[in-house]
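The values are calculated or read from the model by the stated rules, or taken from the named source; none is laboratory data. Every value quoted in this text rests on a predicted model; they were computed, and no experiment measured them. Please note: Cβ atoms are built from the backbone with ideal geometry, for glycine as well, and neighbour counts cover all protein chains shown. Ligands, DNA and RNA are stripped out before the accessible areas are found, and what is left, the full protein with its side chains, is counted by its heavy atoms. Shrake-Rupley method; radii C 1.70, N 1.55, O 1.52, S 1.80 Å.
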Amino acid sequence: MRVAGRIDGPDQRFLGVLDTSPFRIAVVFSIAFACGAAALLLGVDYAVSRVVDGSTDNLIEAEVQGLREQVLVLSRADFIELIEQRSQDQDVRGAVYLMVDPQLRPVAGNVPMWPKIDASEGKWIQFKVSVPFGDTTRQHEMRAQRFPLPGKYQMLVGHDVQERQDVKNLMMRGLIAAVLLTLMIGMGGGIWMGRRILAQAGAISAVATQIMRGDLSQRLPVRDADDEINTLAREINSMLDKIEQLTLGMRTVLDSAAHDLRTPLNRLQATAEGAMDQLAPGSAERRVLERVTSEVDRMRGTLDALLRIALAETGTVAREQVDLSALVASMVELYAPVGEERGIALESAVAPGAYVQGSRQLLAQALANLLDNAIKFTPDGGRIRVLLRGSSTEPEVVVEDNGPGIPADKREIVLGRRVRLDEARKFPGSGLGLSLVAAVTKLHGARLVLDDAQPGLRVSLKF
Amino acid sequence: MHILIVEDDEVARDYLAKALREVGHAVDVASNGLEGLQMASSMAIDLAIVDRMLPKLDGLALVQSLRATGRKMPVLILSALGDVDDRITGLRAGGDDYLTKPYHMSELLARIDALARRGESGSGETNTRLRLADLELDRMTRRVTRNGKKIELTAREFQLLEFMMRHSGQVVTRTMLLEGVWDYHFDPQTNVIDVHISRLRQAIDKDFDKPLLHTVRGAGYSLREDE
């Protein structure tokens with residue numbers, strides 16, 4: 001199913017309806033029902049025709065048989081008399097008779113002229129005859145057989161089948177109307193149900209997006225009904241309750257871990273600094289304590305990074321609208337002089353107006369880590385490129401250097417926690433830099449891709 | 001200055017009190033939130049240092065109560081939680097600055113000085129012209145001169161100098177600069193701030209006899225006229 005959040009125009013919305021499962025089901029069923037209706041009507045038509053046609057044909061055949069017998073016993077004048085009688089007995093819409101001479105001129109009967117047909121004896125003939133119809137005339141369909149009379153005269157005996165034809169036409173029109181109506185009702189119902197589903201799904205996916213962005217207090221909208229969607233929404237909501245509890249629990253654990261680690265570190269720092277104040281600068285004891293405080297700094301750095309990674313992974317970070325363009329530009333501006341110190345050119349192309357929902361501080365930290373890394377691993381006189389491109393709502397940030405890069409088979413593992421490649425051990429750092437970038441990227445629903453910049457490393461964050 | 005420390009960790013509290021007394025402050029201490037609130041409400045305190053997690057009354061609740069009763073003294077919150085969001089909640093509760101443990105005493109002292117200065121010269125923020133010796137900065141025209149000679153600065157260098165001049169005579173740490181000028185709260189692995197300062201130094205001190213921008217070893221930088 002299409003994600004309703006992405007639907008923007010009215011045309012798109014309509015196309016969205018066409019994609020919904022209720023619409024598709026409705027289409028399939030209405031086509032099936034239309035076929036059913038058509039089959040039913042065609043069946044009825046066939047049965048009716050067989051009965052009606054059969055009886056008409058029997059009637060004509062019996063009459064033909066009767067007249068054939070009569071022609072053997074009657075004189076021509078008497079036979080003509082008989083034909084005239086029978087013709088007058090019947091309305092033209094019923095039985096029809098026509099006796100013609102060898103030149104096909106009518107001699108007796110109720111059909112004005114011999115039809116332009118050429119059928120052998122015993123075969124069925126269909127032709128049209130004008131009959132009075134109110135003030136005008138109307139063409140009627142006739143069904144007949146012909147047989148020869150003595151002296152090259154010919155006889156035509158038949159029946160008006162126009163009514164039967166009318167019924168057939170009516171049935172055919174009814175059939176088409178029934179099929180169209182079934183299809184229309186089916187499609188209409190499908191569109192209506194589709195819109196309903198789309199509206200519900202749209203509301204759900206809007207909330208789901210917020211939840212994925214980390215606002216775990218959100219719940220799916222539930223209507224006062226027991227249909228499948230509401231039941232599903234209720235179940236998802238109770239699942240969310242559980243996730244929220246777990247996440248808050250994790251956050252609490254994280255907070256107490258932070259507290260329990262920072263407090264003794266702080267004491268250590270205070271004790272060392274306090275003792276240092278008593279000692280003369282440059283004394284051996286003081287140098288030992290200086291080493292202690294610098295180790296405390298390192299531990300603090302690692303702890304900060306670990307806590308930030310854990311924090312990003314719980315997803316419980318407050319979010320705001322972040323001007324990513326401004327952030328990237330300012331980080332480039334912050335780091336450019338550091339690169340210049342080593343003759344590294346920091347080039348940048350930052351598209352304006354890109355915004356993301358998230359934590360400005362964590363994004364800044366992630367970018368700082370990438371730039372720190374790039375500067376660290378790029379040789380003097382090298383080049384670093386920072387790009388912000390793509391659309392304003394789905395931007396991509398690229399940091400590219402021409403340093404040694406990371407071999408393709410190791411790109412996955414460097415994103416894992418505390419992985420430092422052997423080649424990187426000669427450089428300072430905790431090895432948590434890229435892990436933090438990965439966690440922050442994930443927190444923002446973005447994708448982190450490491451690639452070969454030929455030569456060098458290209459890191460891309462696709463939001 | 002009369003400073004109140006509300007901190008339940010004895011080791012940290014004692015060292016903090018001692019260090020503050022050594023630089024000439026009068027110090028009172030409280031070991032839980034309730035006691036801290038009573039002291040802060042009843043005594044003439046110029047500045048309070050409040051730990052975020054305290055027994056009896058939480059540090060944030062303490063600050064909120066102080067603000068609710070109209071006490072406006074600067075408050076520095078110390079926290080053993082300390083991350084992006086905690087900082088924001090701390091400042092929102094009424095704290096003026098936020099420092100995460102473990103901290104260097106030099107960092108804390110620099111921040112206290114900055115807070116105290118902000119407290120006493122509230123009008124300093126509205127001055128359009130900042131002046132130190134022969135260095136002048138006009139915030140309206142964004143013009144910087146030294147000894148009457150115009151100095152060209154980038155927008156960021158201007159902001160950096162403005163920050164330093166507002167804190168002239170005080171020690172300004174690297175994190176204070178990163179927070180105050182760039183609004184970033186992290187420890188960069190590289191010496192980003194040092195590089196920016198050295199550029200600023202090139203611009204304002206290079207062609208003049210008396211340097212104004214000094215490096216304070218183990219602490220940060222200071223913009224001052226002297227020695």
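Report, ordered by chain and residue number, the lysines lying within cross-link reach of B:Lys101, taken as a straight Cα distance under 22 Å and ignoring same-chain residues fewer than 8 apart.
B:Lys18, B:Lys56
Positive end of the charge dipole of chain B (Lys, Arg +1 and Asp, Glu -1 on Cβ, about the Cα centre): tell me which of B:Gln202, B:Ile77, B:Gly169 has its Cα farthest that way.
B:Gln202
Given the pairs A:Lys376/A:Lys442; A:Lys128/A:Lys168; B:Lys150/B:Lys210, which span a C-alpha to C-alpha distance of over 20 angstrom in this model? Could you put the intermediate results ahead of the total?
On the way: A:Lys376/A:Lys442 24 Å; A:Lys128/A:Lys168 17 Å; B:Lys150/B:Lys210 17 Å.
Check vs 20 Å cut-off fails for A:Lys376/A:Lys442.
Applying a 10 Å radius around every beta-carbon, put B:197-207, A:40-50 in order of their mean neighbour count, most first.
So the peptides B:197-207, A:40-50, ranked by packing, come out B:197-207, A:40-50.
Once you charge only the Cβ atoms, +1 for Lys and Arg and -1 for Asp and Glu, what is the size of the charge dipole of chain A about its Cα centre, to the nearest 20 debye?
I would put it at about 840 debye.
How big is the accessible area of A:Lys442 in square angstrom, nearest 10, if you roll a 1.4 angstrom probe over the protein chains?
Around 150 Å² of this residue is reachable by solvent.
How long are the semi-axes of the equivalent ellipsoid of region A:281-333, taking √(5λ) for every eigenvalue λ of the Cα gyration tensor, in whole Å from largest down? Before the final figure, lay out the partial values.
Numbers: eigenvalues 269, 64, 8 Å².
That gives 37, 18, 7 Å for the three semi-axes.
Please name the residues of region B:13-48 whose accessible area, counted over protein heavy atoms with a 1.4 angstrom probe, falls by no less than 50 Å² between the chain alone and the full protein assembly.
So the qualifying set is B:Tyr15.
Anyone know which of B:Arg166, B:Arg111, B:Arg139 comes out most mobile in the 10 Å Cα GNM of chain B?
Between B:Arg166, B:Arg111, B:Arg139, it is B:Arg139 that shows the largest mean-square fluctuation.
Let me know the mean shielding of A:358-365 by other chains, meaning the per-residue number of their Cβ atoms within 10 Å of its Cβ.
Per residue, the number of nearby Cβ atoms from other chains is 4 on average.
Can you classify region A:73-152 as rounded, prolate or oblate using the Cα gyration tensor, where a ≥ b ≥ c are the square roots of its eigenvalues, rounded means a/c under 1.5, and otherwise it's prolate if a/b beats b/c and oblate if not?
Oblate is the answer for region A:73-152, as a/c is 1.5 or above yet b/c matches or exceeds a/b.
At 1.4 Å probe size, put B:Trp182, A:Trp124 in order of accessible surface, largest to smallest.
A:Trp124, B:Trp182
For chains B and A, what's the summed buried accessible area, probe 1.4 Å, to the nearest 100 square angstrom?
In total, this chain pair buries about 3800 Å².
Rolling a 1.4 angstrom probe over the protein chains, ignoring ligands and nucleic acids, what is the accessible area of B:Arg21 in square angstrom, nearest 10?
The accessible area of B:Arg21 comes to roughly 120 Å².
With the dipole of chain A worked out from charges on the C-beta (+1 for Lys and Arg, -1 for Asp and Glu) around the Cα centre, which of A:Ile197, A:Thr252, A:Leu240 lies farthest toward the positive end?
A:Thr252
Roll a 1.4 Å probe over the protein chains and send me the accessible area per residue for chain A in Å².
54
Counting pairs of alpha carbon atoms under 8 Å apart in space and at least six apart in sequence, what relative contact order in percent does chain A give?
11
Does any residue of region A:247-261 lose at least 10 Å² of accessible area with all protein chains in place compared with its chain alone, and if so which ones (probe 1.4 Å)?
Listed by number, the residues meeting the 10 Å² cut-off are A:Arg251, A:Asp255, A:Ala258, A:His259.
Other chains near A:333-339: what is the mean number of their Cβ atoms within 10 Å of each residue's Cβ?
Mean shielding count: 6.
Let a ≥ b ≥ c be the square roots of the eigenvalues of the Cα gyration tensor of region B:3-72; is it rounded (a/c under 1.5), or, if not, prolate (a/b larger than b/c) or oblate?
Verdict is oblate for region B:3-72.
Would you work out the charge dipole size for region A:317-391 about its Cα centre, treating the Cβ of every Lys and Arg as +1 and the Cβ of every Asp and Glu as -1, and quote it to the nearest 20 debye? Don't skip to the end; give the middle numbers.
Numbers: 7 positive and 8 negative charges, 49 e Å.
Magnitude of the dipole: close to 240 debye.
Using only Cα atoms, tell me the angle between helix A:76-89 and the longest principal axis of chain A; keep it within 0 to 90° and round to the nearest 10.
50
What number comes out for accessible area per residue over region B:106-197 if the probe is 1.4 Å? Units Å², please.
Here the residues of region B:106-197 average 46 Å² of exposed surface.
Taking accessible area as the heavy-atom solvent-accessible surface of the protein chains with a 1.4 Å probe, which residues of region B:189-203 lose no less than 40 Å² upon going from the isolated chain to the full protein assembly?
Listed by number, the residues meeting the 40 Å² cut-off are B:Gln189, B:Thr190, B:Val192, B:Val195, B:His196, B:Arg199.
Any number yet on Rg/Rh for the protein assembly as shown, C-alpha, Kirkwood?
1.42
Please list B:Phe208, B:Phe158 in order of solvent-accessible area, largest first, computed with a 1.4 Å probe with all protein chains present.
Order by accessible area, largest first: B:Phe208, B:Phe158.
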